[in-house]
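Trainee: I'd like to ask some things about the structure below.
We did not get these values from a lab; they are worked out from the coordinates using the rules stated. Keep in mind that what you see is a predicted model, and the values were worked out from it rather than measured.
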Amino acid sequence: MFYFAYGSNLNQTQMTKRCPGSRPLYFAELEDMKFVINARGVATVVPEKGSNVKGIIWEISKRNEISLDLYEGVSQNLYKKEVMSCVGNGRAVDALVYVANEQKLGAPRANYLETILDGIEEFSDDKDWFKEVASWG
């Protein structure tokens, strides 16, 4: 199964602990969506025509999905799961994306952005991507 990470799950150390056996595959973008920090202080994506959210496609197992569901608070209605088309590696792929139910904008939790930024640096030297996420701090 494919999972599109755009927030703290970009961090490989975190994903290794959270989802043993998962593996990052390639850079991808979620089209017509925008990266934001919500009022709970965590990342989500919101529709915005012409914007793209950058992230990484991970290959995960069903057990990993269950772990992510717990972490993302799906049963507490904090995030919902959606399958979205992501473009990367020269093709479109359907991937699991966690979208927060809280869409009101806010400020990030302490040390949260650093986890995301570390993940971005692990995968890419894309300065624009780094600046876009860092601008929420």
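Trainee: Once the convex hull of the alpha carbons of the chain is built, what does its volume come to per residue, in cubic angstrom?
Mentor: So the per-residue Cα hull volume is 100 Å³.
Trainee: To continue, here is another question. Once you keep just the Cα pairs under 8 angstrom separated by 6 or more residues, what percentage relative contact order results for region 6-137? If you can, show how the numbers build up before the last one.
Mentor: Numbers: 243 pairs, mean separation 39.8, N = 132.
Relative contact order of region 6-137: 30 percent.
Trainee: Which number comes out as Rg/Rh for region 1-71 once both Rg and the Kirkwood Rh are worked out on C-alpha atoms?
Mentor: Numbers: Rg = 12.5 Å, Rh = 12.7 Å.
Result: Rg/Rh = 0.98.
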